[in-house]
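Down below is the structure, laid out as structure tokens.
The values are calculated or read from the model by the stated rules, or taken from the named source; none is laboratory data. Quick caveat: nothing in here was measured; it's all calculated off a predicted structure. Positions of Cβ are backbone-derived with ideal geometry, glycine not excepted, and every protein chain shown enters the neighbour counts. For accessibility, only protein heavy atoms count, side chains too; no ligands or nucleic acids. Shrake-Rupley method; radii C 1.70, N 1.55, O 1.52, S 1.80 Å.
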Amino acid sequence: MASQLPPIWNASDAGENPPARSSPLRLVRHGGTFLGVSVVSGALLAGVALPAVGAFGLTAKSTAESFEDIPGEFKTPPLTQATQIFDAKGGLIAKVYERDRTVIPADQMSPFMRQAQVDIEDARFYEHGAVDLKGVLRAAGKNAESGTASQGASTLTQQYVKNVNVEKAGEDQAAVLEAQRKTLGRKIQELKVAIKLEEEMTKDEILTNYLNITFYGHGAYGVEAASQRYFGKSNKDLTVAEAATLAGMVQNPSLYDPVRFPENTVKRRNVVLDKMVENKHLTADQAKEAKAAPLGLQYREPQNGCITAQAGMGFFCDYVRHVVKQDPAFGASAAERKKFWDQGGLNVYTTMDPDKQAAAQNAVTTKVKVTDSVSAAATMMEPGTGKILAMAQTRPYGLDAKKNQTVVNLNVDAAMGGGNGFQPGSTFKPIVAAAAMEAGLSPVTEYSSPNKLEYPTMKTCAGTWKNTDKPKTVVPNESASEKGPYQLKEAMARSINTYFVQMEQEIGLCSVKQMANKLGITTRASGKPLDEVPAMALGVEEMSPLTMANVYATFAAGGKYCAPTAINKITTVDGKDIAVPAANCGQAFSESTAQVLNTILNGVTADGTGSALNLEGDRQIAGKTGTSDKKRAAWFSGYTPQLATSVWLGGPAGGVEMRNITIGGKHFSEVFGADGPGPIWQLAMNLALRGEPKKSLKMADIPDPAPKTDPNASGSTPPSAPPATTPAGPQH
């Protein structure tokens, strides 16, 4: 047979189980069986020989039409194949498949394989048409003698047609069972298709298709996957003994499983070799030599899915899968995209740089232990292209929670296989600054920036936000000494909360939201809409590291925003190119605004909260620290002209308060962006940029403010009483 389950008639070889001589009494006893089989055989022959007359209730017209309308998939079946995912340098990340199959042409198949399969399944394949009339009569007689239906008459073409029907059913079990139903009506329909195929295809073409569709056990479909599974080599390189082994398995892949039942397999192999001798395709000496050969298995367990990816690439692999299943570039509907992915047969060439990935993975696993209560995640992007270069996290990809494994990609949004994200804290403040510069504010704009501030009334896109809490909600700065007035450069370096709330009030919440949208932030990581609230400036709405890495990549690219891309190219196994999603780059804000951001964010790393994070070779960098309310998340996002990286640190479920905590063997009284994720960013960037040329950021000329003589010179007086409520806002 040619699939996992027995066909209506099993292909067989008369030499394997010769019938016992029957006595007249035995023939009489089984006369009823003989008569029944003869009637069925006669009906089959009539239905095949006279199709245009109609059979089993089919009119002449409908029968003729069924012959004219043979679906194209029987000639070129859309076979499910394995998809290979590669990194940017051509290294294999993982192989994924619904069915492990690699379709190969006839010239890539072993001649031994082709001949052995014909000899054992349908020795007269090249002599008869779609139906072997002699075989039908022979099977009828032998089945009558034995009193069973043990002898089959299905030709290889008929078996091929059945397998196409099973393949078309896919994972729909009801459809699979329907395709395998043992009914005379279904058999007639298969025969009709087989006859038409033999009119329109050569025998060699049918055999090639058959060998590519057939199941060989252990998840291997087709001769190439089977050769790799059992012998670790391409089909074209098989010896005659190995080819005979595979050919013999088709009849019953479970019974002739070489891994579980090697003795059965060897016996069956030898039967195949005898058939090859009988049909004069091997000499007796060649068969003897092949029979003496050991089974010679080089068995390889099926390696399927992103779980097989190495070096922490499993999460990126899974992200690629989500891209294909969700991006309209691969189909107008979810069902079309799923079919495209499940069909497989793709070579997916991704943007992942294996060296950058190794650097990021080294950093998140060196600085944070897999057994720690917190985890780290890092995404690297190439400014100006949208290319995702690396995606790493401390917890390994897998299903064993006892080993701290997870399949939740902490680098991405929930819709792409991630969680609900984490509050980015003060790493969101540069977005407010970008909105302010685009609104026409000067980088030397000064605000009173008191130590504490009641959230003021602000304009939104649809109306007005008012602080209606009683008592009113107050935003504090991190330290009691942080009192204004401040200008932008110093306010960003020291991460002054009240400064950015006052800036936000002047430009309006709508401007901030619109800038976030331009930078790719249209929702929270969970998919929930952004809220237009004053605490937005302080990073209280959950984001993913990928989102924030792309924001900072836009800063590095002079305001040029590109949608994140994970795929450079996709080709089918037969060399056809598939269109992939474009980065759709465009200017999110002006280059002059970008230069202001470069300057003020460089100040953060020069003498602000990130001043300890300098890189090897005194590379010019820019970045921002961020810590969420109650120290549940800490961030550092930063960049050079050629690389942007965002690092998050915190509890995977967001509930770990990072106070009096040990991370990576180091004790922290409390974690900030500069001392938790900052060193992870520093290590990852140093490793990733070694050997890369040093480049300079384009800066703006922003004068330093005059020294302050009176911290309350603006006339603003902070509230004398501590705030009754504070927002879930960030710190430095």
Going through Val277, Val272 one at a time, which residue ends up being among the aliphatic types (A, V, I, L, M), open to solvent by 40 Å² or more (accessible area, probe 1.4 Å) and in a helix (DSSP H, G or I)? Val277
(1) hydrophobic (A, V, I, L, M, F, W, C); (2) more than 24 Å from the chain's Cα centre (by Cα); (3) within 24 Å of Ala376 (Cα to Cα): which one isn't true of Met543, the others all being true? (2)
Collect the residues in region 71-96 that are open to solvent by less than 50 Å² (accessible area, probe 1.4 Å) and under 28 Å from Asp355 (Cβ atoms), keeping them in residue-number order. Ala82, Thr83, Ile85, Phe86, Asp87, Gly90, Gly91, Ile93, Ala94, Val96
Name the residue that is farthest from Ala537 (Cα to Cα), counting only residues in region 629-643 that are touching a Gly at 6+ places or on another chain (Cβ under 8 Å) and open to solvent by less than 10 Å² (accessible area, probe 1.4 Å). Tyr639
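Which one is farthest from the chain's Cα centre (by Cα), of the residues in region 190-204 that are without any contact (Cβ under 8 Å) to a residue 60 or more places away in the chain and open to solvent by 30 Å² or more (accessible area, probe 1.4 Å)? So that I can check it myself, show each step before the final result.
First, pick out the residues of region 190-204 that are without any contact (Cβ under 8 Å) to a residue 60 or more places away in the chain: 190, 199, 202.
After this cut, where a residue has to be open to solvent by 30 Å² or more (accessible area, probe 1.4 Å) as well, the list is 199, 202.
On the way: Glu199: 42, Thr202: 38 Å.
Looking at the filtered set, the residue picked out is Glu199.
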Does region 629-643 hold any residues that are touching a helix residue (DSSP H, G or I) at 6+ places or on another chain (Cβ under 9 Å), closer than 21 Å to Val671 by Cα and either in a strand (DSSP E or B) or not acidic (Asp, Glu) (or both), and which are they? Ala633, Ala634, Trp635, Phe636, Ser637, Gly638
Do we find a residue being touching a Phe, Trp or Tyr at 6+ places or on another chain (Cβ under 6 Å) and closer than 20 Å to Ala106 by Cβ anywhere in region 218-237? yes
Could you list all residues from region 235-256 that are in a loop (DSSP other than H, G, I, E, B) and either open to solvent by 10 Å² or more (accessible area, probe 1.4 Å) or not β-branched (Val, Ile, Thr) (or both)? Leu238, Thr239, Gln251, Asn252, Pro253, Ser254, Leu255, Tyr256
Residue hits (region 681-732; among the hydrophobic types (A, V, I, L, M, F, W, C) and at pLDDT below 50) are Ala713, Ala721, Ala724, Ala728
What residue, of Ile570, Ile600, is in contact with a Lys or Arg (Cβ under 9 Å, 6 or more places away or on another chain), among the β-branched types (Val, Ile, Thr) and touching a residue at least 60 places away in the same chain (Cβ under 8 Å)? Ile600
For Gly626, state whether it is in contact with a helix residue (DSSP H, G or I) (Cβ under 7 Å, 6 or more places away or on another chain) and either open to solvent by 10 Å² or more (accessible area, probe 1.4 Å) or in a strand (DSSP E or B) (or both). yes
Touching a residue at least 40 places away in the same chain (Cβ under 8 Å) and in contact with a strand residue (DSSP E or B) (Cβ under 9 Å, 6 or more places away or on another chain): is that true of Leu530 in this structure? no
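Counting only residues that are under 19 Å from Ala335 (Cβ atoms) and surrounded by 12 or more Cβ atoms within 10 Å (Cβ to Cβ), which one in region 168-187 is modelled with the highest pLDDT?
At the first step, the residues of region 168-187 found to be under 19 Å from Ala335 (Cβ atoms) are 168-176.
Filter again for surrounded by 12 or more Cβ atoms within 10 Å (Cβ to Cβ), leaving 168-170, 175-176.
Values: Lys168: 81, Ala169: 77, Gly170: 69, Ala175: 69, Val176: 69.
The qualifying residue modelled with the highest pLDDT is Lys168.
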Of those in region 97-117 that are out of contact with any helix residue (DSSP H, G or I) (no Cβ under 7 Å at 6 or more places or on another chain) and outside any loop (DSSP other than H, G, I, E, B), the residue least open to solvent (accessible area, probe 1.4 Å) is Pro111
For region 82-104, give me the residue count where each residue is of a type outside the set (Val, Ile, Thr), under 21 Å from Gly217 (Cα atoms) and more than 13 Å from the chain's Cα centre (by Cα). 3
So which residues in region 600-614 are under 16 Å from Ala644 (Cα atoms) and surrounded by fewer than 21 Cβ atoms within 10 Å (Cβ to Cβ)? Asn614
In the set Arg260, Arg229, Arg268, which member is under 30 Å from Thr406 (Cα atoms) and among the basic types (Lys, Arg)? Arg229
Does at least one position in region 668-680 carry a residue that is within 38 Å of the chain's Cα centre (by Cα), among the hydroxyl-bearing types (Ser, Thr, Tyr) and at pLDDT 95 or above? no
Among the residues of region 418-435, the number that are touching a Lys or Arg at 6+ places or on another chain (Cβ under 8 Å) and either among the basic types (Lys, Arg) or surrounded by fewer than 22 Cβ atoms within 10 Å (Cβ to Cβ) (or both) is 2
Name the pairs: first residue in region 458-469 and under 15 Å from Ser511 (Cβ atoms) and without any contact (Cβ under 8 Å) to a residue 24 or more places away in the chain, second residue open to solvent by 30 Å² or more (accessible area, probe 1.4 Å) and part of a loop (DSSP other than H, G, I, E, B), Cβ to Cβ under 7 Å, at least 6 apart or on different chains? Thr464/Thr457
Does region 473-485 contain at least one residue that is closer than 17 Å to Pro534 by Cβ, in contact with a strand residue (DSSP E or B) (Cβ under 6 Å, 6 or more places away or on another chain), among the β-branched types (Val, Ile, Thr) and touching a residue at least 12 places away in the same chain (Cβ under 8 Å)? yes
Tell me which of these Ser646 doesn't satisfy, since it passes every other one: (1) open to solvent by 10 Å² or more (accessible area, probe 1.4 Å); (2) assigned to a strand (DSSP E or B); (3) small (Gly, Ala, Ser). (1)
Pairs with Cβ under 7 Å, 6+ apart, first in region 279-300 and at pLDDT below 95, second open to solvent by less than 80 Å² (accessible area, probe 1.4 Å) and not basic (Lys, Arg): Arg300/Gln228; Arg300/Gly232
Among Ala174, Ala225, which is the only one that is assigned to a helix (DSSP H, G or I), of a type in the set (Gly, Ala, Ser) and under 20 Å from Val103 (Cα atoms)? Ala225
Within the group Glu446, Glu438, which residue is modelled with pLDDT of 95 or more, of a type in the set (Asp, Glu), open to solvent by 50 Å² or more (accessible area, probe 1.4 Å) and touching a Pro at 6+ places or on another chain (Cβ under 6 Å)? Glu446
Does Gly558 meet the test of being within 36 Å of the chain's Cα centre (by Cα), modelled with pLDDT of 95 or more, under 24 Å from Lys631 (Cα atoms) and in a loop (DSSP other than H, G, I, E, B)? no
